[in-house]
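**Student:** Below you'll find the structure I mean.
The values are calculated or read from the model by the stated rules, or taken from the named source; none is laboratory data. Small disclaimer: the values here were computed from a predicted structure and weren't measured. Positions of Cβ are generated from backbone atoms using ideal geometry, with glycine treated the same way; all protein chains shown enter the neighbour counts.
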Amino acid sequence: MGQAATKVRRSPEGRTIVSALADTAAEHGGLPAYSDKGPDGWTTLTWSDLRARALEAAAGFAALGLERGDVVALMMPNRSEHVIADLGAVHAGAVPTTVYATLAPDQIAFVAGDCAARVAVLAGREQLDRWLPALDELPALGKVIVLDAAVVPAGDDRFVSWADFAELGRARLAEDAAAIEARGAALEPGDTVTLLYTSGTTGNPKGVRITHAMVLHESALVEGASVLPEHSVGISYLPFAHIADRVLSYYLPLTRAAHIYFCPDPAQLTAVLREARPHGFFGVPRVWEKIMAGIQAVLAAETDQAKKDAVRGALDAGRAHVTGQEYGNTPAPGAAEAFAAADAAVLAPMRALLGLDRVVQASSAAAPLPEEVARFFAGLGLKIFDAYGMTETTGAITANLDDAFKLGTVGRAFPGVDLRLAEDGEILVRGATCTPGYLNRPAATADLIDEDGWVHTGDIGVLDEDGFLRVVDRKKEIIITAGGENIAPSMIENHLKEHPLVGQALAFGDRRPYVVALITLDGEVAPVWAAAHGVDTTDLAALAEHPVVLAEVAQAVADANERLARVQQVKRWRLLPAEWTAESEELTPTLKLKRRVVHAKYQDSIDGLYEG
């Protein structure tokens, strides 16, 4: 497993999250667990505090009549109360499910109805407004707990404030603490610890059943691959409906007594990074792309040629240093010395400005990280370890390691994980972190897991001679042109997105004679780039029509085409006037492209690219 394999503290066998938290609170109770930022600065819960609050929440749920196996739906940003409510549900013998905050009322009605949620815990007005239209369609939902007491609907006994719920829990725990503790102690490793609904690029989401054993096995695998120091610092900013943040900011910290800073607003990520200075940082590819685009925009605006040359030289030294450490490579003579000099003079200060100066483990997953993005950050002296997995496998089942990595791949399978490719290249997985199936979906479960226990991921991959996996694309998203050519659209899109101006791109060409693309501007970078190039507007719609911007995007398309085979090249394209977001539904909450939505929404634009 690599140099860190001995760090796994306890075997996950026979344990649950409840017993794991009890152990951590007993051994490291005074250490910081979670920090939230308020008007007066940061406040922190220790691991002892967290367990005490979780038991109070469990007692509160018991007082509300929650029974073993009942579901609690959570819609809150990243904050301590989210973890407390989640752990409270688990300790009460119930099953928490975090609902993506971007879901519309009809989608909320589907998810909460599918799992027959008995209780919902919401943050405030925005979440309440999403749930209120759905409540009449949810007869099983008996109580809604709202953190913001000021927005609790008056005169309706279905609603209770978080403060009143917490007080109810404290009173019930004082009455019979043994009964509450007994609920958690009765749990078994095979019981469901959470239900996560896949964000779904097509159709209704499916509820993935994840057990205590699965999350503890996954935590042990990730711990074994880690080079993080003891009681490391991290940041939680991705939704807890996302398996990656659940593992990295909840289950794994719980087993190793790490300290997590919450960033409920991703727009504040840069500020929180600078304050927390984490040892590990995880970003989905789009997060890394946006950080890269911001750095590139600043560098492009630099007018001092000497500074530009110094930065360029330092990035080259960083890239050579990291490339020399890739699996099978030998560092070039003098590369380490050149990097040390460049790091001291240029790269370390750049990482410090980003809040990444203490990062010893940077990682990415959810979709393959474009190799050029990985090589850009290698220039900064950061090795981004790309991993591969899915909700149905409790997150990562392959990863690059500090002592065995290849940029552009998602690494090798973890020990104990069986991985092979089907005849058509589909990635198949089997192991202790794989789900037993979907809630209420026997047919979908049968499609997911074959009779030999292999999970069919739906992704197409390639294994090299050293066992490193490359993910080509989603099986159902491969373009087959009118000429019969099979093309992976994500490869084309990743090349286009390497230009800092490009926010998102969609390549299209199924059953068509050639490939076309829809492109959007990056809403943060485009105005900065425009100002540096003498364009006197910051409006995205106006920028999308400006000749200077159009010329630059045309060059970005040309640059991408130079690296593509002729049949893969973008022949025509259109720059759209607005960004794609989860709220506007072109992206999933984990920032993956919803191709069918884009195809339907922009059908006229696509058809127009094939006319004339």
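**Student:** If I filter region 204-249 down to residues being in a loop (DSSP other than H, G, I, E, B) and within 16 Å of the chain's Cα centre (by Cα), which single residue comes out as farthest from Gly355 (Cα to Cα)? Steps first, answer last, please.
**Tutor:** In the first step, residues of region 204-249 are kept if they are in a loop (DSSP other than H, G, I, E, B); the result is 204-206, 226-232, 237-242.
Okay, now just the ones that are also within 16 Å of the chain's Cα centre (by Cα), so 237-242.
On the way: Tyr237: 15, Leu238: 17, Pro239: 21, Phe240: 23, Ala241: 25, His242: 23 Å.
My answer is Ala241.
**Student:** Give the residue, chosen from Leu21, Leu64, Leu87, Leu55, that is of a type in the set (A, V, I, L, M, F, W, C), more than 21 Å from Pro189 (Cα to Cα), in contact (Cβ under 8 Å) with a residue 24 or more places away in the chain and in contact with a helix residue (DSSP H, G or I) (Cβ under 8 Å, 6 or more places away or on another chain).
**Tutor:** Leu64
**Student:** Still on this model: Given Thr409, Thr433, Thr394, which one is at positive phi and either touching a residue at least 40 places away in the same chain (Cβ under 8 Å) or in the same structural domain as Arg312 (by TED's automatic domain parsing) (or both)?
**Tutor:** Of the residues listed, the single one that is at positive phi and either touching a residue at least 40 places away in the same chain (Cβ under 8 Å) or in the same structural domain as Arg312 (by TED's automatic domain parsing) (or both) is Thr394.
**Student:** Taking into account only those residues within region 72-121 that are assigned to a helix (DSSP H, G or I) and among the charged types (D, E, K, R), which is surrounded by the fewest Cβ atoms within 10 Å (Cβ to Cβ)?
**Tutor:** Asp106
**Student:** Next up: Considering only region 214-236, state which residues are buried (at least 24 other Cβ atoms within 10 Å of the Cβ), at pLDDT 95 or above and over 22 Å from Val18 (Cα atoms).
**Tutor:** Within region 214-236, just Ile235 meets the criteria.
**Student:** A further question follows. Can you name every residue in region 138-182 that is touching a Phe, Trp or Tyr at 6+ places or on another chain (Cβ under 9 Å) and assigned to a helix (DSSP H, G or I)?
**Tutor:** Ala149, Phe165, Gly169 - these are the residues of region 138-182 that are touching a Phe, Trp or Tyr at 6+ places or on another chain (Cβ under 9 Å) and assigned to a helix (DSSP H, G or I).
**Student:** Please enumerate the residues belonging to region 506-523 that are in a strand (DSSP E or B), farther than 14 Å from Ile478 by Cα and of a type outside the set (A, V, I, L, M).
**Tutor:** Quick first cut of region 506-523, residues in a strand (DSSP E or B) only: 506-508, 515-521.
Narrowing further to those that are farther than 14 Å from Ile478 by Cα: 516-521.
Within region 506-523, Thr520 is the sole residue that qualifies.
**Student:** Across region 29-52, which residue is surrounded by the fewest Cβ atoms within 10 Å (Cβ to Cβ) among those that are free of Cβ contacts under 8 Å to residues at least 24 places away in the same chain and among the charged types (D, E, K, R)?
**Tutor:** Taking the candidates together, the pick is Asp40.
**Student:** (1) crowded, with 21+ Cβ neighbours inside 10 Å; (2) within 17 Å of Tyr197 (Cα to Cα): which one isn't true of Phe61, the others all being true?
**Tutor:** Of the numbered conditions (1) crowded, with 21+ Cβ neighbours inside 10 Å; (2) within 17 Å of Tyr197 (Cα to Cα), the odd one out for Phe61 is (2).
**Student:** Just one of the numbered conditions (1) under 29 Å from Ile235 (Cβ atoms); (2) modelled with pLDDT under 95 is not true of Gly155; which one?
**Tutor:** The single condition Gly155 does not satisfy is (1).
**Student:** Now a separate question. Look at region 48-71 and say how many of its residues are in a helix (DSSP H, G or I), under 16 Å from Ala179 (Cβ atoms) and basic (Lys, Arg).
**Tutor:** Residues flagged as in a helix (DSSP H, G or I), under 16 Å from Ala179 (Cβ atoms) and basic (Lys, Arg) within region 48-71 amount to 0.
**Student:** When region 537-591 is examined, which residues are found to be in a helix (DSSP H, G or I), acidic (Asp, Glu) and exposed (fewer than 13 other Cβ atoms within 10 Å of the Cβ)?
**Tutor:** Once the filter is applied, which keeps residues that are in a helix (DSSP H, G or I), acidic (Asp, Glu) and exposed (fewer than 13 other Cβ atoms within 10 Å of the Cβ), region 537-591 yields only Glu562.
**Student:** Quick one: how many residues across region 304-330 are closer than 13 Å to Lys406 by Cβ and either in contact (Cβ under 8 Å) with a residue 40 or more places away in the chain or outside any helix (DSSP H, G or I) (or both)?
**Tutor:** Here is the first cut: in region 304-330, the ones closer than 13 Å to Lys406 by Cβ are 322-329.
Now narrow it down to the ones that are either in contact (Cβ under 8 Å) with a residue 40 or more places away in the chain or outside any helix (DSSP H, G or I) (or both): 322-323, 325-329.
So the answer is 7.
**Student:** Has region 289-312 got any residue that is over 26 Å from Ala20 (Cβ atoms), at pLDDT below 90 and crowded, with 23+ Cβ neighbours inside 10 Å?
**Tutor:** Within region 289-312 (the criterion being over 26 Å from Ala20 (Cβ atoms), at pLDDT below 90 and crowded, with 23+ Cβ neighbours inside 10 Å), the answer is yes, since at least one residue qualifies.
**Student:** Only one of Leu168, Leu138, Leu173 is within 20 Å of Ala104 (Cα to Cα), surrounded by 13 or more Cβ atoms within 10 Å (Cβ to Cβ) and out of contact with any Cys (no Cβ under 7 Å at 6 or more places or on another chain); which?
**Tutor:** Sole residue among the options that is within 20 Å of Ala104 (Cα to Cα), surrounded by 13 or more Cβ atoms within 10 Å (Cβ to Cβ) and out of contact with any Cys (no Cβ under 7 Å at 6 or more places or on another chain): Leu138.
**Student:** Among Ala314, Ala310, which is the only one that is in contact with a Leu (Cβ under 6 Å, 6 or more places away or on another chain) and either of a type in the set (Val, Ile, Thr) or closer than 18 Å to Pro349 by Cα (or both)?
**Tutor:** Exactly one of Ala314, Ala310 is in contact with a Leu (Cβ under 6 Å, 6 or more places away or on another chain) and either of a type in the set (Val, Ile, Thr) or closer than 18 Å to Pro349 by Cα (or both), namely Ala314.
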